[in-house]
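Student: Would you mind keeping the following structure in view while I ask a few things?
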């Protein structure tokens, strides 16, 4: 176990139903264009003129991958304490619900939906329902995200906070 693993939250500290607000993030036009220019260079993401007149969304919109990256940032920075993450396990049911536009203020929210302790590996799989909402409270992205976290020790295996 690392020195870092002695502090912060471990897999056995999470309970199903636990919720967390993850903070907010304002999306800028410059950031939308810069991200998409590098990672998703479609006109609806990088060309305001085309997006306004030729796109079906009536203006520039952020790449879905950009929205996912923003939500990941909120997920990491929105934690109130250190988590002893080993690795992400995966993302399921990822849905882009509506476009994200420059000027939108996104907020993140997560809820624990499953905790599976694996004492033989000194880890647990924690699964979260994660959502991003715009300033109107409308969902822009939903997903289930799972991560492996360290357990404290074999002595606490099977116990939950």
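The values are calculated or read from the model by the stated rules, or taken from the named source; none is laboratory data. Remember, predicted model here, so these are calculated numbers, not experimental data. When we count neighbours, we look across all protein chains shown, and the Cβ atoms used for this are built from the backbone with ideal geometry, even at glycine.
Residue-by-condition table, conditions (1) surrounded by 19 or more Cβ atoms within 10 Å (Cβ to Cβ); (2) under 18 Å from residue 9 (Cβ atoms):
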residue: 35; (1), (2): yes, no
residue: 41; (1), (2): no, no
residue: 46; (1), (2): yes, no
residue: 58; (1), (2): no, no
residue: 65; (1), (2): no, no
residue: 74; (1), (2): yes, yes
residue: 98; (1), (2): no, no
residue: 106; (1), (2): yes, no
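Student: To continue, here is another question. For segment 7-33, what are the residues that are surrounded by 18 or more Cβ atoms within 10 Å (Cβ to Cβ) and more than 30 Å from residue 122 (Cβ to Cβ)?
Tutor: So in segment 7-33, the residues surrounded by 18 or more Cβ atoms within 10 Å (Cβ to Cβ) come out as 9-14, 22, 25, 27, 32-33.
Result: 25, 27, 32, 33.
Student: Then there's this: Which ones in segment 115-143 are more than 17 Å from residue 24 (Cβ to Cβ) and loosely packed, with under 14 Cβ neighbours inside 10 Å?
Tutor: 116, 118, 120, 121
Student: A further question follows. Going by the conditions given, is residue 70 surrounded by 13 or more Cβ atoms within 10 Å (Cβ to Cβ), within 20 Å of residue 19 (Cβ to Cβ) and touching a strand residue (DSSP E or B) at 6+ places or on another chain (Cβ under 9 Å)? Working first, answer last.
Tutor: Numbers: surrounded by 13 or more Cβ atoms within 10 Å (Cβ to Cβ): yes; within 20 Å of residue 19 (Cβ to Cβ): yes; touching a strand residue (DSSP E or B) at 6+ places or on another chain (Cβ under 9 Å): yes.
When the stated conditions are applied, residue 70 passes them.
Student: Looking only at segment 14-39, how many residues end up being part of a helix (DSSP H, G or I) and either modelled with pLDDT under 95 or closer than 26 Å to residue 145 by Cβ (or both)? First the steps, then the outcome.
Tutor: If we filter segment 14-39 for residues that are part of a helix (DSSP H, G or I), which is where we start, we get 29-39.
Subset that is either modelled with pLDDT under 95 or closer than 26 Å to residue 145 by Cβ (or both): 31-32, 34-36, 38-39.
Adding up the residues that qualify gives 7.
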